[in-house]
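Asks: If you scroll down you'll find the structure; I have some questions about it.
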Amino acid sequence: MKMPSISMYFLLLFVLIFEYKVLGLNIERELYDDENDSLDDEEREVLIKRQYSQNPNYYGTYTKDSFNVYFNGQKISGASVSSFQVLNYGYAKDSFNVYFNGQKLSGASVSSFQSLNYGYAKDSFNAYYAGQKISGASLSSFQGLNDGYAKDSFNAYYAGQKVSGATVFSFQVLKDGYAKDSFDAYYAGQKVSGATVFSFQVLKDGYAKDSFDAYYVGQKVSGATVFSFQVLNDGYAKDSFNYYYMGKKVSHM
């Protein structure tokens, strides 16, 4: 009876070590996912809001025949076929009413109504986001920006809500949900705590950095080394010492 060769022992040992590492990595990722379910939900909500505001086709489709107008296949009661016109970002109007996602927009002025961009609109009396009135907006100066942001002479807005404390004259949209003014940086309309504005820059996939810290969806990436920090793909980033997934340290990529 032949004894197994030394090479066979080494091969078996290699397979066992490899399987252990893979198993350990999978367990670590599962634990990470379990611990960050709330972060995933929050991030998902932000992404949905951004998609909802930026993609004109996301809102649904208006169609009509000789007798009726439809939104996503459902008849719009009372819509005037002959005068019905589709605007964008879910808005439409006929000679008598304005519509958002197939529903009448109560109180909207047909003659002065205009769809702006990213879900924003206005008429002579109100500004709107996704069909909802924006309280206190200054209509003469109101304008839609990018990434779900808008501003007038007095306030900046994200998803139709005022961006608290924003300085309008210096307010600018960056990308990927980030914006800044002379004093603060913002993500999805919320201040990025502790950010250094003059050096703040957006990277990609929700990551950003300044001279002192790295950020993921507006939150500091704990322990990150900024000078070597770089974004990889699929939510991963790294610096000289660690890997990160969705802004949290992980042992492996």
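The values are calculated or read from the model by the stated rules, or taken from the named source; none is laboratory data. Quantities reported herein were computed from a predicted structural model and do not represent experimental measurements. Glycine also receives a Cβ, built like all others from the backbone with ideal geometry; neighbour counts cover every protein chain displayed.
Asks: Give the stretch 148-203 a look and list any residue that's of a type in the set (A, V, I, L, M, F, W, C), farther than 25 Å from Leu232 by Cα and touching a strand residue (DSSP E or B) at 6+ places or on another chain (Cβ under 9 Å), or say none.
Replies: Ala150, Ala156, Ala159, Val163, Ala166, Val168, Phe171
Asks: When you check Lys104 against the structure, is it among the basic types (Lys, Arg) and under 19 Å from Gly148 (Cα atoms), yes or no?
Replies: Criteria not met by Lys104.
Asks: Given Asp176, Asp152, which one is at pLDDT below 95 and closer than 30 Å to Ala121 by Cβ? Reasoning before the result, please.
Replies: Values: Asp152 fails: at pLDDT below 95.
The match here is Asp176.
Asks: Oh, and also: Taking the options Phe200, Phe241, Phe229, name whichever one is out of contact with any His (no Cβ under 9 Å at 6 or more places or on another chain), more than 24 Å from Gly189 (Cβ to Cβ) and surrounded by 16 or more Cβ atoms within 10 Å (Cβ to Cβ).
Replies: Unique residue meeting the criteria: Phe229.
Asks: Now for a different question. For the stretch 185-216, enumerate the residues that are of a type outside the set (Phe, Trp, Tyr), outside any loop (DSSP other than H, G, I, E, B) and under 19 Å from Ser170 (Cβ atoms).
Replies: Ala185, Gln190, Lys191, Val197, Ser199, Gln201, Val202, Ala208
Asks: Something else now. Just wondering, is there one or more residues in the stretch 104-111 that are closer than 20 Å to Phe67 by Cα and either modelled with pLDDT of 95 or more or assigned to a loop (DSSP other than H, G, I, E, B) (or both)?
Replies: Checked against the condition, which is being closer than 20 Å to Phe67 by Cα and either modelled with pLDDT of 95 or more or assigned to a loop (DSSP other than H, G, I, E, B) (or both), the stretch 104-111 yields at least one hit.
Asks: Hey, another quick one. Show me the strands (runs of 3 or more DSSP E) entirely contained within the stretch 14-103 in which 1 or more residues are surrounded by fewer than 15 Cβ atoms within 10 Å (Cβ to Cβ) and modelled with pLDDT of 95 or more. Reasoning before the result, please.
Replies: Numbers: elements: 62-64, 69-71, 91-93, 98-100.
Output list reads 62-64.
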